[in-house]
Amino acid sequence: MKLPHTALKFPRYFRRKPLKSGRWAYFFEPPTWARKQGCHVQAEALGEEYADAIDRAKNVLLPAFDSWCSRGLTDMIPASPVPGTFDWLVSIFKTHQKWKEIDHKTQRSYEQGLALFANHKLKDASRVGSKQISDFTKGFVDAIYAKLLVVEGEDADGNVVKRERRRFANAAMTACRRAWFVGQRAQETEVPAINPFSRMGLKIRALGQPVRETPTATWDELVAFRVAANKLGYRSVGTAALLTWEWLQRQEHVFGAFEISHYRPNVRPNSVRIVHPKNGEEAWWPLFDETGKPLFPELMTELDAIKETMVSGLVFRRDHEHRRSRAPLPWITERKDLRYLRSVVKKIAAAAGLRSELSFTSFRHGGFTEGADSDLTDAELRAAARHRSPHQLPTYAKRTRKQLISGSKKRREERTRAAPGRPSE
């Protein structure tokens, strides 16, 4: 009986032979020259089950043969993920153009979240990342999320303590959702159109859990911080703190994107160019009013002094005299890391006698709150911060007593403007 021809593609050195029973038998046969040179990978019968034979040839025998041929060099190359698995989906995401457009900080957060989900062990001891995404269901994803939400540890007495890591688990689901959408666009025939990570109803906090807010600095705390920064020799950090208060800039922009060429260039000597790396928005801020009076006199005086000593590059650098490098290096590293800056900010805050929970971001939030207390409209605050949506403002402009009083007065004034025929209060 002649077996039908097949168009299946076999791995290297993989052979099949017909049996009298009408079935195929599969074999792995290294080349003769390798056997003569003492290759330890011998010829092997792989049985009659096609899937098992292919699996052993591709994942065991061929890697061992390649390792012998390269004298171990191929062992240093990480194995490619199996097509169709979640690991494969992550690799598609990380090689896509969309990944390159994500800022470094968000990339690192995505990597942590994707790894948390992919490395979770299932009951059969396999990783979630090794599973085929075609088998993913919303129920499966919800079950994994519930596992990731709670982590167990031990206290000093050895007792098992459970704690919730909602923020980390939510970030992992967000990263997986983004990876699925990008992968579906890149491999629409391989990635299912229905994204099981969408519309999970993720809650920012558990019921009854207090809102976690970034501490907001006051103007007096900003002044004290700047005085302490100048005493300790960190003048650039003091100026940067005033800038983030006045112009509502994120620390990634202040230390990583604000260049000397952005401040009062020859083509626009009365303006400053503000760029927001997070959302790509940019704008030119006026530095003088209609009468020619400076809008930010203290900040402009300090920036003018910096501009006189610099020709190009980032504005804020490590200018303290006790720095290790002779050249004033940027506060931000090549990997967009600001950990050293954060430690310096804590040092300055301690020297100023400020609250320990304050951070550099606290001064930006303080600027937002000052703007809200000054009766700036949502549109004015969004124009200053380049926010597209008003829903983001409550995160930065904290609700204060003055805002509540002002809001109540405005509502009452509106009520007193009774329409014709409507009785006034």
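The values are calculated or read from the model by the stated rules, or taken from the named source; none is laboratory data. Just so it is clear, the model here is predicted, and its values are computed rather than measured. A quick note on method: Cβ atoms are made from the backbone with ideal geometry, for glycine too, and the neighbour counts reach across all protein chains shown. Remember, those area values only see protein heavy atoms, side chains included, never the ligands or the DNA or RNA. Shrake-Rupley method; radii C 1.70, N 1.55, O 1.52, S 1.80 Å.
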Kindly list, by first and then second residue, each pair from a residue in the stretch 152-180 that is within 15 Å of VAL141 (Cβ to Cβ) and outside any helix (DSSP H, G or I) to a residue that is polar (S, T, N, Q) and open to solvent by less than 30 Å² (accessible area, probe 1.4 Å), limited to pairs with Cβ atoms under 9 Å and residues at least 6 apart or on different chains.
none
Only one of these conditions is not met by LYS162: (1) open to solvent by 60 Å² or more (accessible area, probe 1.4 Å); (2) under 28 Å from LEU62 (Cα atoms). Which number is it?
(2)
GLU357 vs (1) at pLDDT below 85; (2) outside any helix (DSSP H, G or I); (3) closer than 22 Å to THR216 by Cβ; (4) of a type outside the set (S, T, N, Q): all pass except (1)
Sort out which residues of the stretch 224-269 are modelled with pLDDT under 90 and small (Gly, Ala, Ser), and write them in order of number.
GLY256, ALA257
Anything in the stretch 317-339 that is open to solvent by less than 50 Å² (accessible area, probe 1.4 Å) and among the hydroxyl-bearing types (Ser, Thr, Tyr)? List them, or say none.
SER325
Considering every residue within the stretch 92-104, establish whether at least one is modelled with pLDDT of 90 or more, among the charged types (D, E, K, R), within 23 Å of LYS58 (Cα to Cα) and assigned to a helix (DSSP H, G or I).
no
Would you check if there is a residue in the stretch 187-196 being in contact (Cβ under 8 Å) with a residue 60 or more places away in the chain, aliphatic (A, V, I, L, M) and in contact with a helix residue (DSSP H, G or I) (Cβ under 7 Å, 6 or more places away or on another chain)?
yes
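A quick yes/no check of all residues on (1) of a type outside the set (A, V, I, L, M, F, W, C); (2) under 29 Å from the mean Cα position of the chain (by Cα); (3) within 22 Å of ALA352 (Cα to Cα); (4) open to solvent by 70 Å² or more (accessible area, probe 1.4 Å):
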position: GLY238; (1), (2), (3), (4): yes, yes, yes, no
position: VAL272; (1), (2), (3), (4): no, yes, no, no
position: GLU298; (1), (2), (3), (4): yes, no, yes, yes
position: MET310; (1), (2), (3), (4): no, no, no, no
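Kindly indicate whether TYR50 is open to solvent by less than 50 Å² (accessible area, probe 1.4 Å) and in contact (Cβ under 8 Å) with a residue 12 or more places away in the chain.
On the way: open to solvent by less than 50 Å² (accessible area, probe 1.4 Å): no; in contact (Cβ under 8 Å) with a residue 12 or more places away in the chain: yes.
So TYR50 does not fit the description; no.
Would you check if ASN59 is in contact with a Lys or Arg (Cβ under 7 Å, 6 or more places away or on another chain), open to solvent by 40 Å² or more (accessible area, probe 1.4 Å) and not charged (D, E, K, R)? Don't jump to the end; show me each part of the working.
On the way: in contact with a Lys or Arg (Cβ under 7 Å, 6 or more places away or on another chain): no; open to solvent by 40 Å² or more (accessible area, probe 1.4 Å): yes; not charged (D, E, K, R): yes.
Here the answer is no, as ASN59 does not meet what is asked.
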